[in-house]
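Following: one structure in C-alpha cells, then a few remarks.
The values are calculated or read from the model by the stated rules, or taken from the named source; none is laboratory data. Treat the numbers as computed from the prediction; the structure is a model and nothing was measured. FYI the Cβ positions are ideal-geometry reconstructions off the backbone, even for glycines, and counts take in every protein chain you see. Keep in mind that these areas ignore ligands, DNA and RNA; they rest on the heavy atoms of the full protein, side chains included. Shrake-Rupley method; radii C 1.70, N 1.55, O 1.52, S 1.80 Å.
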Amino acid sequence: MNRYPPPFWGDLGARAGSSSGRKMKGSGKSFAEEHLYLEFSHQMENCIFPLHTSITLFLLSYCDCKDLRVFLVSSKENADVALLHTVLPQDLEVQIVSRQELPVMVQSCCLPVAVKKADNFCRAGLSVTLRHIIQKTYEADTSKKEVLELLGFKKTCLKACAEVSQWTRLCELSIPLAVERFLSEPLKPQSPIPEEMLQLEKKLREPVRVHNDDKIRRQKLKQQQEVEVPRQSPGSGHQGALGESAKPPTENLELRVALSRLRVQEAPAETPREPVHIRKMQTLDLPPLDHLFAEGLYFTLADLVLLPCVHQFLAHICKKRCGILAHLPLIASWYQKIQEVPGVQRAAAKCRVQFLQLSDLLPTLEKQPPILRESPEMEEKNCMHFIGGPRPTISKLMKKGIEAKLSPHPCPTWTLDWSSLPAAVSPEEGKMSTERALRKQQQLNNLVSVVTNMAKPGDIVVDFCSGGGHVGIVLAHVLPSCQVVLIENKELSLVRAKKRSDDLGLSNIWFIQANLDYFTGKFNIGVALHACGVATDMVIEHCTKTQAAFVTCPCCYGFIQNTLKFTFPRSEPFKEVLSYKEHMILCRFADQTAVQLPQERRLIVPVKNNRF
C-alpha cells in the first residue's frame, strides 16, 4: 500500500488482523465496529466514481452518520488517489484497500457493502445499504426524525427489488449508469438525451398521490381563493397590484407541507379549519398537488440517490453549453427545489458540491415543449389467436407432444429425523403455525435429500430468497463440511434466521441481505424453496450462468409476467405453441391445488414445475 502519498495517509489496519490499509484525515479516532466498503474507480473534477460511491458518501454527510468505518475499495491496481482528499467529505475518515484485502464474504458481493467486523451478516447493494445507514443513524439518535422520514410512507422507499420494481431500477441502476456513460463520451450539439433522464422527466409529470392528500388539496383551494379575492376593497382607494387582504402566499403550500416533515424540531403550526363550502366540495373538484420531489410531495431517499447523478449531468451539459437542458424543465425545477431542503446544503458543503443556480432559466425552460418518448411496451413475441381457458391450452400442448410427465420420487423413504435435531433447526422456530411447520418439514425432506446427495465437502451451497432460513439452516446443520450462504432482501426475515443460527452455534453459514443479482460469488449448488413468481427464473438463470447445479421448488405461478429481464414463454417449444396470454392462463391455473377443486376437475393436470 506504499503507493499512496504519505502526506494524506496514516497506517491503520483495513481488515481484521491486517495493518496494510491506509487512513485519511487524522489518526487515533475510535471507530465503530461496522465497516462500509465502497468501490473507487476514478475521480473526475469534484466527484468520485462510480456514482454509487458518491451517492453513499452524500447520504452519510446528510445523516451526519459517524458509526461506520468507511473503506474505499480500489477497483484498479494503479488507481490515482493523489487528489482524492479534495473530493472526500471534509469530516469523514476514509481508508483505501484493495479488493483482495476484503473479507471473503464481502468479495462475493457487489459494493457498496455494510458488515460488522468478524460477523457473518452483511448488507449489499445500493438501496439496501442506504436504507441501513438511515436506520442505523436514527437508532443512534432518535431525535433525527428527519432522517427516518427519508424512508417515506410506511418506510418503503426503494425497498422493492430492482429486478421487479421499475422505479427502484431507474434510481438505483439505470440513471447512475446512464450518467456515467454520458460523462465518458464526448458531448456534441446533436447528442441525444439519455433515455433514462427522459423517463425521470416523465415521472415528474405524473400526478401526485400521497396518503391523506384530500386535506392538503382543500388547504390549497383555500389558499387559491384567498389570492383571488377582489384587489380593491369597497370604499377604499386603489390598493396597488394586490390589496392588503390579497397578499400572495410567501411560500408554495406543497413545499411548506413537504418541508414541515423535515423540520421536526419545530412545533407544527395550527392550521385553521377550511370554510364550509370547501369542506363540502367533492374530491374530484379539488386542485391537484404539485409534483415537487422524485416520489411526489415529500422529500425521500430517492431524491438523495438522484441528486449526485443529476448534478453531474447538469454540470456537464451547462459547461458544454448544449441545449439539452431546455427539454428537461421539470428536472431543472426539481434540482432547484431540492436545494431548499434542510440538510442538503450542509451535506453539499461537506462533500464540496457547488450547486448550479438555474432559477433564472426556469421561466424559459417551462415554455419548452417536452420530449417524452414512450417506453416501449412489452410485446408478445407470439401473436397467435388467444383460445382461452386451461383445457384448450393443455390440449394444444398435447397435440404438439408436450405433456406433464410425473416421475417417481427419487428418495421416497428418505426423511430427516426431526425429533433428534435441535429445536432451532425445526421450522416451528421460524414463527409459524404447527400445521404450516409440518408442511415445511415435508418440503425440506424433499430438497435436503437431493442436495445432500449432490453436495461434496468444501462445496458452497446458496439458499436464494431464503426468507427465515428454513432451508439454509437445515443444510448448514446436516452439511457441516459445506459453506451455506443465505441471500434474502427482507431484513427482518434474515435477522430471524441469524438468531436461529446463533442459537445453534453454526459456523459454516453466511447471511447476505441483498437482491439476488448483487451476489457475484462462485458456488456449487443453488437452492430456492418457494421463490415467488419470476424469482425462480432468476435463480435458475443465476445458477446456469455460474455453471452451478440447482434444486428449486417454485410457487406463485400466478405472479409470473413479463418483466424488464424476462419475457414469457421462456422455452423454444412453448414459444412455438403458446401466446403470452395462453401461457399466463396456464400459470394462473397452476396456482390452484387439487384440494381447492371439485373431484371431477382434479384430473386436469397443468404443465407445472417446468420453468418454461
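For segment 97-107, does any single residue satisfy the condition of being in a helix (DSSP H, G or I) and touching a Lys or Arg at 6+ places or on another chain (Cβ under 8 Å)?
Yes.
Condition check ((1) among the acidic types (Asp, Glu); (2) crowded, with 19+ Cβ neighbours inside 10 Å; (3) at pLDDT 90 or above) across all residues:
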residue: Glu488; (1), (2), (3): yes, yes, yes
residue: Lys499; (1), (2), (3): no, no, yes
residue: Leu504; (1), (2), (3): no, no, yes
residue: Ile512; (1), (2), (3): no, yes, yes
residue: Val534; (1), (2), (3): no, yes, no
residue: Cys555; (1), (2), (3): no, no, no
residue: Lys565; (1), (2), (3): no, no, no
residue: Phe568; (1), (2), (3): no, yes, no
residue: Phe574; (1), (2), (3): no, yes, no
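In segment 103-126, how many residues are of a type in the set (D, E, K, R), in contact (Cβ under 8 Å) with a residue 60 or more places away in the chain and surrounded by fewer than 21 Cβ atoms within 10 Å (Cβ to Cβ)?
So the count comes out to 2.
Could you tell me which residue of segment 536-553 is surrounded by the most Cβ atoms within 10 Å (Cβ to Cβ), considering only residues that are closer than 15 Å to Val462 by Cβ and not hydrophobic (A, V, I, L, M, F, W, C)?
Per the criteria, the residue is Thr536.
Find the residue count for segment 182-195, including only residues that are exposed (fewer than 10 other Cβ atoms within 10 Å of the Cβ) and either in a helix (DSSP H, G or I) or among the hydroxyl-bearing types (Ser, Thr, Tyr) (or both).
Total satisfying the criteria: 1.
For segment 32-59, name all the residues that are open to solvent by 10 Å² or more (accessible area, probe 1.4 Å) and charged (D, E, K, R).
Glu33, Glu39, Glu45
What's the number of the condition Ser507 fails, among (1) touching a residue at least 24 places away in the same chain (Cβ under 8 Å); (2) not in a helix (DSSP H, G or I)?
With respect to (1) touching a residue at least 24 places away in the same chain (Cβ under 8 Å); (2) not in a helix (DSSP H, G or I), Ser507 is out only on (1).
Please enumerate the residues belonging to segment 418-454 that are of a type in the set (Val, Ile, Thr) and open to solvent by less than 30 Å² (accessible area, probe 1.4 Å).
Those that are of a type in the set (Val, Ile, Thr) and open to solvent by less than 30 Å² (accessible area, probe 1.4 Å): Val425, Val448, Val451.
Would you check which residues across segment 127-147 are surrounded by fewer than 17 Cβ atoms within 10 Å (Cβ to Cβ) and either part of a helix (DSSP H, G or I) or not charged (D, E, K, R) (or both) and list them?
Gln135, Glu139, Ala140, Thr142, Ser143, Lys145
Check Ala140, Ala160 and return the single one that is in contact (Cβ under 8 Å) with a residue 60 or more places away in the chain, small (Gly, Ala, Ser) and within 23 Å of Ala124 (Cα to Cα).
After ruling out the rest, the residue left standing is Ala140.
The conditions are (1) open to solvent by 20 Å² or more (accessible area, probe 1.4 Å); (2) in contact with a Leu (Cβ under 9 Å, 6 or more places away or on another chain), and Leu284 fails exactly one of them. Which is it?
(2)
Pick from segment 489-504 the residues that are polar (S, T, N, Q) and touching a helix residue (DSSP H, G or I) at 6+ places or on another chain (Cβ under 8 Å): which of them is nearest to Thr156 (Cα to Cα)?
Residue satisfying both the conditions and the ranking: Asn489.
Looking at segment 543-563, is at least one residue under 27 Å from Leu586 (Cβ atoms) and free of Cβ contacts under 8 Å to residues at least 12 places away in the same chain?
Scanning segment 543-563 turns up at least one residue that is under 27 Å from Leu586 (Cβ atoms) and free of Cβ contacts under 8 Å to residues at least 12 places away in the same chain.
Out of the residues in segment 293-352 that are hydrophobic (A, V, I, L, M, F, W, C), more than 24 Å from the chain's Cα centre (by Cα) and open to solvent by 20 Å² or more (accessible area, probe 1.4 Å), which is nearest to Leu59 (Cα to Cα)?
The selected residue is Ala349.
Please work out which residue is least open to solvent (accessible area, probe 1.4 Å), limiting yourself to segment 397-411 and to residues that are out of contact with any helix residue (DSSP H, G or I) (no Cβ under 7 Å at 6 or more places or on another chain) and outside any loop (DSSP other than H, G, I, E, B).
Checked segment 397-411; the qualifying residue least open to solvent (accessible area, probe 1.4 Å) is Met398.
Can you find a residue in segment 196-217 that is open to solvent by less than 80 Å² (accessible area, probe 1.4 Å), acidic (Asp, Glu) and modelled with pLDDT under 75?
yes
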